[in-house]
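In what follows, a single structure is set out as structure tokens and then discussed.
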């Protein structure tokens, strides 16, 4: 006899599941298309870097991840001012600008200003009009040397340095396992007294 207290089998086999299945057969073709689009974009923006604008170094949010660094949305107005670059100029020479971000750390501010100065030194400016070039534009020799790069000034996580030291003789002579056992025993004795007091 079946157990009628349990739920009755109520399996839905008439939902026509074949029409609701999503396939992913075009994945290899999409991969090729994405690659072709990247190449097209690189040709279009040449000789500018294919990866896009320069991004700042920022720390991740929350107390759990704030020791990690990543690339941010854009540089603050304060960072640009300290590096001697105006907002409008920054947007024209491939530097991302973020008007909402604020500098709350002096260390991050210093790092980003140095990053901007380094970028400024490496920068090769092409004239907008070849007939009448601007004073800020680079020399023709440098312009001929310019090559397109995929990525540049990548945000790299600093390598973790592990300090090692020789174990002193005092620690070698100590019986740490015995110390641990004694500590556990003391804790048990203390808890027994507390529990006995609660029972009364």
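Look at region 48-71 and say how many of its residues are surrounded by 13 or more Cβ atoms within 10 Å (Cβ to Cβ) and either outside the structural domain of residue 100 (by TED's automatic domain parsing) or closer than 30 Å to residue 142 by Cβ (or both).
Selection size over region 48-71: 10.
Can residue 156 be described as loosely packed, with under 10 Cβ neighbours inside 10 Å, more than 14 Å from residue 54 (Cβ to Cβ) and under 20 Å from the mean Cα position of the chain (by Cα)?
Yes; evaluated as a whole, the condition is true for this residue.
What tally of residues in region 8-34 results from selecting those that are within 26 Å of the chain's Cα centre (by Cα) and either at pLDDT below 90 or closer than 20 Å to residue 155 by Cα (or both)?
Qualifying residue count, region 8-34: 0.
Matching residues to (1) surrounded by 15 or more Cβ atoms within 10 Å (Cβ to Cβ); (2) closer than 18 Å to residue 156 by Cβ:
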{"position": "73", "(1), (2)": "no, no"}
{"position": "84", "(1), (2)": "no, no"}
{"position": "93", "(1), (2)": "yes, no"}
{"position": "99", "(1), (2)": "no, no"}
{"position": "112", "(1), (2)": "yes, yes"}
{"position": "115", "(1), (2)": "yes, yes"}
{"position": "131", "(1), (2)": "no, no"}
{"position": "140", "(1), (2)": "no, no"}
{"position": "144", "(1), (2)": "no, no"}
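For every residue, the table says whether it meets (1) closer than 21 Å to residue 58 by Cβ; (2) out of contact with any helix residue (DSSP H, G or I) (no Cβ under 9 Å at 6 or more places or on another chain).
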position: 78; (1), (2): yes, no
position: 93; (1), (2): yes, no
position: 97; (1), (2): yes, no
position: 103; (1), (2): yes, no
position: 112; (1), (2): yes, no
position: 119; (1), (2): yes, no
position: 123; (1), (2): no, yes
position: 136; (1), (2): no, no
position: 152; (1), (2): yes, no
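Name the one entry in 37, 66 that is touching a strand residue (DSSP E or B) at 6+ places or on another chain (Cβ under 7 Å), over 19 Å from residue 152 (Cα atoms) and free of Cβ contacts under 8 Å to residues at least 40 places away in the same chain.
Answer to the selection: 66.
Tally time: how many residues in region 69-83 are in a loop (DSSP other than H, G, I, E, B) and without any contact (Cβ under 8 Å) to a residue 12 or more places away in the chain? Write out each step before concluding.
Within region 69-83, the subset in a loop (DSSP other than H, G, I, E, B) is 72-74, 76.
Applying the additional criterion that residues be without any contact (Cβ under 8 Å) to a residue 12 or more places away in the chain yields none.
Summing the residues that are in a loop (DSSP other than H, G, I, E, B) and without any contact (Cβ under 8 Å) to a residue 12 or more places away in the chain in region 69-83 gives 0.
To keep it simple, each residue is scored yes or no on (1) in a helix (DSSP H, G or I); (2) within 26 Å of residue 91 (Cβ to Cβ).
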site	(1), (2)
4	no, no
7	no, no
12	no, no
22	no, no
30	yes, no
49	no, yes
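Given (1) modelled with pLDDT under 95; (2) under 30 Å from residue 109 (Cβ atoms), identify the lone condition not met by residue 80.
Among (1) modelled with pLDDT under 95; (2) under 30 Å from residue 109 (Cβ atoms), residue 80 violates only (1).
The values are calculated or read from the model by the stated rules, or taken from the named source; none is laboratory data. Since the model is a prediction, treat every value here as computed from it, not as a measurement. Quick reminder, even Gly has a Cβ in these numbers, built from the backbone with ideal geometry, and neighbours come from all protein chains shown.
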